[in-house]
Amino acid sequence: MNIDVFKPISIRGRVAYGICCLENALIALQYNLENWNIVLKHLWRYTASSNLEDCNRAALEVMPECILEFPEYDDDYEQISEDEYKILYELYQNLDESIDILLKRIYYVGVSDAYSSITNYSPGSLIQLQFIISCMREKDFPLPDPKEFMRFSILEDDGWGEEFDGTKLSKIL
């Protein structure tokens, strides 16, 4: 797949594509999908919120390296509860490497232009999306159809695209 197909898609749309890839991978690996609702709930915030800083913080707090760094809940977490932390800590104990890669790359798509203006179709987010697609192909996970995401235009909201309820695209939530 030529990454240029994603140029007209907003950053929010690209994050949504990445999350849909993650969901396909979780389904293919036959994970208990209910356990992933916490992670997905926080990731889907990218599509529906105008406060990108909160979205970035929420996504970062559910990343495996942030959860596994401490064996106990820390009051520094702002976006997740102690109960959510415990569930995530257990969930990440035997995490498939591909899921870890996908989570990180989704986060990087969302933060690639968070503190700058989006120019030249956001090459940083396109590179991260290419990593997601490569991981999916390498593991033979099904890829979502990019055409479903064309409605999220990079020409809106300074490249971020209009806010939308991404959970409507979800196969899990």
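Couple of notes before you dig in:
- Restricted to Cα atoms, region 34-85 shows a radius of gyration and a Dmax of 10.9, 33 angstrom.
- For the chain, the longest principal axis of the Cα atoms and the long axis of helix 97-111 meet at an angle of about 50 degrees.
- For the chain, the Cα gyration tensor yields ellipsoid semi-axes of 25, 19, 14 Å (square root of five times each eigenvalue, largest first, whole Å).
- Helix 123-138 and the longest principal axis of the Cα set of the chain meet at an angle near 60°.
- Options 161, 33, 73, ranked by Cα towards positive dipole end of the chain, top entry (Cβ charges): 161
- If the convex hull is drawn through the Cα atoms of region 55-151, its volume per residue in Å³: 129 Å³
- Net lengthening on full extension, residue 60/residue 96 (0.36 nm per residue, minus Cα-Cα): 11.1 nm
- Computed lengthening from residue 1 to residue 48, 0.36 nm per intervening residue step minus Cα-Cα distance: 14.2 nm
- The portion of the accessible surface of the chain made up by carbon and sulfur, rounded to a whole percent, is 46 (1.4 Å probe; DNA, RNA and ligands excluded).
- Estimated dipole of the chain in Debye, rounded to 20 [Cβ of Lys and Arg +1, of Asp and Glu -1, Cα centre]: 960 debye
- Within the listed set 91, 43, 126, the residue fluctuating most in the Gaussian network model of the chain (springs between alpha-carbon atoms under 10 angstrom) is 91.
- Efficiency of FRET from Cβ geometry, residue 139 and residue 37, R₀ 25 Å, rounded to 0.05: 0.65
- Residues of type lysines that residue 147 reaches as a straight line, Cα spacing below 29 Å, ignoring anything fewer than 8 places off in the same chain: 7, 41, 104, 139, 168, 171
- Structural size metrics of region 1-90, computed from C-alpha coordinates, are Rg and Dmax of 14.5, 44 Å.
- Residue-normalised accessible area of the chain, given per residue in Å² at a 1.4 Å probe: 50 Å²
- Nearest-20 debye value, region 1-60 charge dipole, Cβ charges on Lys, Arg, Asp, Glu: 120 debye
- For region 29-110, the Cβ-based charge dipole about the Cα centre amounts to some 540 debye (Lys, Arg positive; Asp, Glu negative; other atoms uncharged).
- Per residue convex hull volume, Cα atoms of region 101-161, in Å³: 81 Å³
The values are calculated or read from the model by the stated rules, or taken from the named source; none is laboratory data. Predicted model only: the values in this text are computed from it and were never measured. For neighbour counting, all protein chains shown are included, and Cβ atoms are generated from backbone atoms with ideal geometry for every residue, glycine included. Just so you know, the surface numbers come from the protein's heavy atoms only, side chains and all, with ligands and any DNA or RNA stripped out. Shrake-Rupley method; radii C 1.70, N 1.55, O 1.52, S 1.80 Å.
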